[in-house]
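K.L.:
Here it is, the structure in full.
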Amino acid sequence: MRGPVPKRSDQRRGHHKPEGPALVKAEAGKAPTIPRASGDWHPIAKRWFQSLKDSGQAQFYEQSDWLTAVYVAEAMSRNLGQGKFSAQLFQSVMSAMTDLLTTEGARRRARVELERDDAGEDPAEAARVTLMDAYRKAARSVACSDVRPLA
């Protein structure tokens, strides 16, 4: 999908259907074997690769996606390890990372939303957020009721 990053589904207004072609479904291959990170990779590449294993979008990865991730980590490692940083290689790595849905914007464009379980959230923080939302709603309703037509 081209253009600006779409809003999350809970932030969209209206009843517009998502644009794009109809969804095509196919049977997935056998469960993928997740490769190990190479000991030769740069520490940032190792952390990035590990983050893929821990990320929600990994549930959609097939074997070819994991091998693409290995290739991206290798390119990332080479770019970080050489004396001169290659902007062109960086752009290629970032493009491949987008294809692997490793950023929020890429996931929104692909219409994939990951939701975090709030079980580990601090209850006091959750209450504070809820309270602030209540204040905002109350302030909006007061502000709207104070508007009088010009006569």
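Please treat every number below as a calculation from the coordinates, not as lab data. Just so we're clear, the structure is a prediction, and the values are computed from it rather than from any experiment. Using ideal geometry, Cβ is built from the backbone for each residue, glycine included, and neighbour counts are taken over all protein chains shown.
K.L.:
How much length would be gained if the chain were fully extended between Arg111 and Gln63, taking 0.36 nm per residue of separation minus their Cα-Cα distance, in nm to one decimal?
P.N.:
Stretched out fully, the Arg111 to Gln63 stretch lengthens by 15.1 nm.
K.L.:
Given a Förster radius of 22 Å and the C-beta distance between Gln91 and Ile44 as r, what FRET efficiency does 1/(1 + (r/R0)^6) yield to the nearest 0.05?
P.N.:
Here the calculated transfer efficiency is 0.85.
K.L.:
May I ask you to derive the relative contact order of region 33-116, considering only C-alpha pairs under 8 Å and at least 6 residues apart, and to give it as an integer percent?
P.N.:
Computed value for region 33-116: 30 percent relative contact order.
K.L.:
Can you tell me which of 98-107, 47-56 comes out highest on packing, and rank the rest after it, using the mean Cβ neighbours within 10 Å?
P.N.:
Result, highest mean Cβ count within 10 Å first: 98-107, 47-56.
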